[in-house]
Amino acid sequence: MIRNIGTFAATALAIVAFALAPSTAMAQSYSGNWPMEWNVTYPGPPFDGHFKYCLTLTDDGSAGFRHSGSAVLNGRGQSNVPGVFQVINNELVATFLVVGSGEELSGWVFVGPARNGNIGKGFGNLTWDTITGKLVFGRKGTCGNSK
């Protein structure tokens with residue numbers, strides 16, 4: 001009987017320690033800001049160029065996936081453009097609705113591999129004219145004073 005109590009206590013202690021230990025999966029978050037460099041290459045002049053933005057994410061699970069929530073885009077004449085992001089199967093997708101110069105409704109879509117709270121190289125797309133190009137995310141928290 002004493003031996004069983006000791007085994008039970010050791011097992012219970014191990015379970016409690018495991019349950020209270022911080023989990024790297026739970027600790028990861030995409031909340032914060034990332035500098036983005038978008039190198040537009042298609043369809044070519046006059047749309048090609050090198051554009052810099054700051055992407056700010058709030059990872060609160062509010063957009064249907066564990067890692068999802070609001071997104072805000074700043075840079076290149078854009079200020080506090082609201083959007084939404086989701087991480088699905090280790091891919092971050094951030095989308096924004098914008099009004100084009102001719103008052104047409106358009107969308108920006110930014111995609112990159114996402115794992116353990118980090119975002120890798122991907123692509124960006126402006127939907128009204130299929131303007132696309134490579135996208136590089138910088139280190140989290142390095143947008144400077146941009147939000």
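The values are calculated or read from the model by the stated rules, or taken from the named source; none is laboratory data. These figures come from a predicted structure and were not determined experimentally. Positions of Cβ are generated from backbone atoms using ideal geometry, with glycine treated the same way; all protein chains shown enter the neighbour counts. Keep in mind that these areas ignore ligands, DNA and RNA; they rest on the heavy atoms of the full protein, side chains included. Shrake-Rupley method; radii C 1.70, N 1.55, O 1.52, S 1.80 Å.
Of note:
- When S106, S79 are compared by accessible surface with a 1.4 Å probe, the order from highest to lowest is S79, S106.
- About its Cα centre, the dipole of region 68-147 is roughly 520 debye, where the only charges are +1 on Lys and Arg Cβ and -1 on Asp and Glu Cβ.
- Gap separating the Cα centres of region 27-55 and region 79-117, nearest whole Å: 10 Å
- Estimated FRET transfer efficiency when R0 is 35 angstrom, pair H50-E103 (beta carbons, to 0.05): 0.85
- Here r is the Cβ-Cβ distance between I88 and V136 and R0 is 22 Å; the resulting FRET efficiency, rounded to 0.05, is 0.60.
- Look at the dipole of region 30-147 built from charges on Cβ: of N118, G44, V72, the Cα furthest out on the positive end belongs to N118.
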